[in-house]
Structure formats: structure tokens, C-alpha cells
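Q: Here's a structure for you.
The values are calculated or read from the model by the stated rules, or taken from the named source; none is laboratory data. Quantities reported herein were computed from a predicted structural model and do not represent experimental measurements. With ideal geometry, Cβ positions are generated from the backbone for all residues, glycine too; neighbour counts draw on all protein chains shown. Calculation scope for accessible area: heavy atoms of the full protein, side chains included, ligands and nucleic acids excluded. Shrake-Rupley method; radii C 1.70, N 1.55, O 1.52, S 1.80 Å.
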Amino acid sequence: MKNIMNINGYDAVITYDPEIEMFRGEFINLNGGADFYASDIKGLHEEGSASLKVFLKMCEEDGVAPKKTYSGKFNVRISPKLHEHLVLKASATGKSINQIVVESLSSNVGSEL
């Protein structure tokens, strides 16, 4: 994926901050915030590793799991017309609405986990 950097098994979203002319990395899916800045790719890896090390040490000291856990459930608000079409598609294909949504999301995100 674009703008995603994996550092020691943890994913970070990378953006460019034009005000300070540096790249910013922010780890995602953590039970807390951890970010880092650098002017190049090598620096992002170095600063990201250092930031992650500090975050993981704090988690260990506080007895907190570093990664968030997810239930696998979320609510989506759609238009009534789209809902109607979704019901029709599910009925016509012999699938549940959930199956149609999971297939669509998996296709869009690029994986079925």
C-alpha cells in the first residue's frame, strides 16, 4: 500500500509535512500514539525504530498490550437506495448482505483475512 511503512512488524502511515519540510510517520493500530519525523527514508526507518522501541518499553512497564484488538464488527450508514440494491443483490446471488459486504471490502482493501 502507498504511504505505509512496516517497521519491526508494526505499520506506520507516512505523510509529508510541508510546514517543516519533513516526513511524518505515525504508527497505527496501537494502544496509544507513537510518531516520528525524518527527512528521508533511511531516517524514517531509524526514527521509527527508536519511537517504537520507546513505545513498546512503556507498554511493557505499564502492563499494556501494544496492539489494539478489533471485534470484527462495525456499523456502516448507507443510503436507503443502496440498502435496497444490496438486499436485491444478496437475494439474487443467494448470499447474505454480510457476505456481499465482506467480499466487496476484501476486494477493495486487497485481502480477505
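Q: Give a residue-ordered list of calculated ³J(HN,Hα) values for the range 24-35 (Karplus: 6.51 cos²θ - 1.76 cosθ + 1.60, θ = phi - 60°; whole Hz; x for Gly, Pro).
A: Each residue of the range 24-35 in turn: 10, x, 10, 5, 10, 6, 9, 7, x, x, 8, 9 Hz.
Q: Report, in deg cm²/dmol and to the nearest 500, the calculated mean residue ellipticity at 222 nm for the chain, where each DSSP H run with n ≥ 4 adds -39500 (n - 2.57) and the sum is divided by the residue count. Walk me through the numbers before you get to the answer.
A: Values: 3 runs with 49 residues, N = 113.
Estimated from H runs of four or more residues: -14500 deg cm²/dmol.
Q: Write out the GluC sites (Glu not before Pro) in the range 1-67 meeting two conditions: DSSP loop, and at most 16 other Cβ atoms within 10 Å of their Cβ.
A: Values: sites: GLU19, GLU21, GLU26, GLU46, GLU47, GLU60, GLU61; in loops: GLU19, GLU21.
Those that pass, being in a loop and sparsely packed, are GLU19, GLU21.
Q: Round to a whole number: what % of the accessible area of the chain belongs to carbon and sulfur, probe 1.4 Å?
A: Reported share for carbon and sulfur atoms: 54 percent.
Q: Can I ask one more? Highest mean first, what order results for 49-56, 28-35, 92-99 on Cβ atoms within 10 Å? Let's see the in-between values first.
A: Details: 49-56: 15.8, 28-35: 14.2, 92-99: 10.6.
Listed from highest to lowest mean packing, they are 49-56, 28-35, 92-99.
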